[in-house]
1. If I go through the range 221-238 residue by residue, how many of them are crowded, with 24+ Cβ neighbours inside 10 Å and within 12 Å of Ala171 (Cα to Cα)?
2. Working carefully through the options Leu268, Leu297, find the one that is surrounded by 13 or more Cβ atoms within 10 Å (Cβ to Cβ) and in contact with a Lys or Arg (Cβ under 7 Å, 6 or more places away or on another chain).
3. Name the pairs: first residue in the range 165-191 and assigned by the TED database to the domain that holds Glu230 and surrounded by 24 or more Cβ atoms within 10 Å (Cβ to Cβ), second residue of a type in the set (Ser, Thr, Tyr) and not in a helix (DSSP H, G or I), Cβ to Cβ under 7 Å, at least 6 apart or on different chains?
4. Got a number for residues in the range 316-342 being among the hydrophobic types (A, V, I, L, M, F, W, C) and either free of Cβ contacts under 8 Å to residues at least 12 places away in the same chain or surrounded by fewer than 23 Cβ atoms within 10 Å (Cβ to Cβ) (or both)?
5. Any residue in the range 65-75 that is over 27 Å from Pro121 (Cα atoms) and in a strand (DSSP E or B)?
6. Search the range 361-385 for residues that are under 21 Å from Pro307 (Cβ atoms) and modelled with pLDDT of 95 or more and pair each with any residue that is hydrophobic (A, V, I, L, M, F, W, C) and open to solvent by 20 Å² or more (accessible area, probe 1.4 Å) when their beta-carbon atoms are under 7 Å apart and the residues are at least 6 apart or on different chains.
7. With the requirement that a residue be closer than 17 Å to Gly196 by Cβ, out of contact with any Phe, Trp or Tyr (no Cβ under 9 Å at 6 or more places or on another chain) and in a helix (DSSP H, G or I), what does the range 212-254 give you?
8. Here are the criteria: (1) in a loop (DSSP other than H, G, I, E, B); (2) assigned by the TED database to the domain that holds Cys343; (3) not aliphatic (A, V, I, L, M). Tell me which single one His432 does not satisfy.
Amino acid sequence: PEDTVTSSFASFIPAACPEHLSDTVRHRSKRMILDSIGVGLVGSTTRVFDIALRYCRELYSPVAVSSVYGKPGVKLSPTLAAFTNGVATHSMDFDDTWHPATHPSGAVLPALLAASQMLPPGTKPSGMDFLLAFNVGLEVQGRLMHFSTEAHDIPKRFHPPSVVGTMGSAAATAKLLSLSRAQCSHALGIAASLAGAPMANAATQAKPLHIGNATRLGFEAALLAARGMEANPFILDDIPGCSGFSAFYGVYQPKPLSAPGDHHEFLLEKQDIAFKRFPAHLGMHWVVDAALSVRNLFVNYAGSFSPALIRTIVLKIPVSKYINRPFPSSEHQARHSFQFNACAALLDGEVGLGSFTESSIQRQELRELLDKVVVEHPEDNVANFDKMYGEVALLLHSGDVLTGKCDTFYGHWRKPLSKESLLKKFRSNASHVLSEEKIETIIAMVDNLEDLSDSSQL
């Protein structure tokens, strides 16, 4: 069918060309790729990654051609490698975040890395092909999320990357595999039937599966479409009485995607990405920066950080049930707890990888701080990553009150990480599994991705 929303998306995918990517889009997307690889590498050291890898190795007999993060001697079938690497990417909740809220890179990059290795010699995509496919996957995710006002707020019902990420993975791999317009339409339709995960599994080991499944199942949708499987050609349209992609949103107002060219501007051109400085839910970054600010005031006031002087800790945060966790008992709960992250920042003066170990979570002095926390939800503090703020007030026994507030944390799309900060994060993450020489090789390779003749080298 012509002139439908679905057909416009299906046409956009094969029509996108390298010259459609501005210097800004290329620069920002390469930062995303580098950060996501680093996050995946450090994620390969986690228990949930080990479970996923063991599952793939024991339950399947794969055609082993695609590499796994942090395991140089291990290869899996392409879709299982994508799944495992997707789990690694989100295993610490350390991956990038966009607005409307989703984790765009982890749902796309693992599928493209695996697909690049899957293709036979002589047909390997170039680095420019890879970069273009990555941006097609980002664009599809972003456009779909803009079709609903519901998507702009912190999610309540389903985890967005399990939905839009699956669609983005399908679009990206369809582009990399050079699928036809009709096949791209079917890939999106198939992907819609493979999408979705409930928010109830946030703060558990199941949450990283959302990214693993998104990148794997979108990849599989493209492979099925390439082999002739068909799906509803109106999957992205709002058809009364028959839900397609609108099944995921109560309010859904889709618009056709304009053809790539002089009049189309990629969303990544308009809005940068948020990179996390420490491995926790994005909302935690506001309260940590607010807590560090008030901690500095407290040290200047008292000479040192003395918890005994504090009567009450007041957190002013938006209403969001799954990240309001007064006493987390596991690393994944701690990564999704306003209270824990504020208190860890107050106690230690920083939040990092070591903050989420069992010994750190169970510290008596931390538990004593958590006992002092009171949560407030000001009406102007909305559950939206573009509008929310974090405020931490220390009510002292002396009667004095010290307050720290953060409207935009360092790493947010309004206050992006510097090149030096991003490289420092990547080197730190990658050093858990790679030599310094290999780390610098990856940095150079991503920085010059347009010049890479064979993207499977990545």
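The values are calculated or read from the model by the stated rules, or taken from the named source; none is laboratory data. The model shown is predicted, which means the values in this text are computed figures rather than measured ones. Cβ placement follows ideal geometry from the backbone for every residue including glycine, while neighbour counts extend to all protein chains displayed. Please note that ligands, DNA and RNA were not included when accessible areas were found on the heavy atoms of the full protein model with its side chains. Shrake-Rupley method; radii C 1.70, N 1.55, O 1.52, S 1.80 Å.
1. Our first condition is that a residue be crowded, with 24+ Cβ neighbours inside 10 Å; within the range 221-238, this holds for 221-222, 225, 235-236.
Okay, now just the ones that are also within 12 Å of Ala171 (Cα to Cα), so 221-222, 225.
Here the count works out to 3.
2. Values: Leu297 fails: in contact with a Lys or Arg (Cβ under 7 Å, 6 or more places away or on another chain).
Criteria check complete, one pass: Leu268.
3. That search, which allows pairs on different chains as well, returns Gly165/Thr102.
4. Narrowing the range 316-342 to residues among the hydrophobic types (A, V, I, L, M, F, W, C): 317, 319, 323, 327, 334, 338, 340, 342.
With the extra rule that they be either free of Cβ contacts under 8 Å to residues at least 12 places away in the same chain or surrounded by fewer than 23 Cβ atoms within 10 Å (Cβ to Cβ) (or both), the set shrinks to 319, 327.
Result for the range 316-342: 2.
5. Of all residues in the range 65-75, those over 27 Å from Pro121 (Cα atoms) come to none.
Within the range 65-75 (the criterion being over 27 Å from Pro121 (Cα atoms) and in a strand (DSSP E or B)), the answer is no, since none of the residues qualifies.
6. From the range 361-385, the pairs are Glu365/Leu347; Leu366/Leu347; Leu369/Leu347; Leu370/Phe327.
7. Passing the criteria: Ala214, Gly218, Glu220, Ala221, Ala247.
8. Failing condition for His432: (2).
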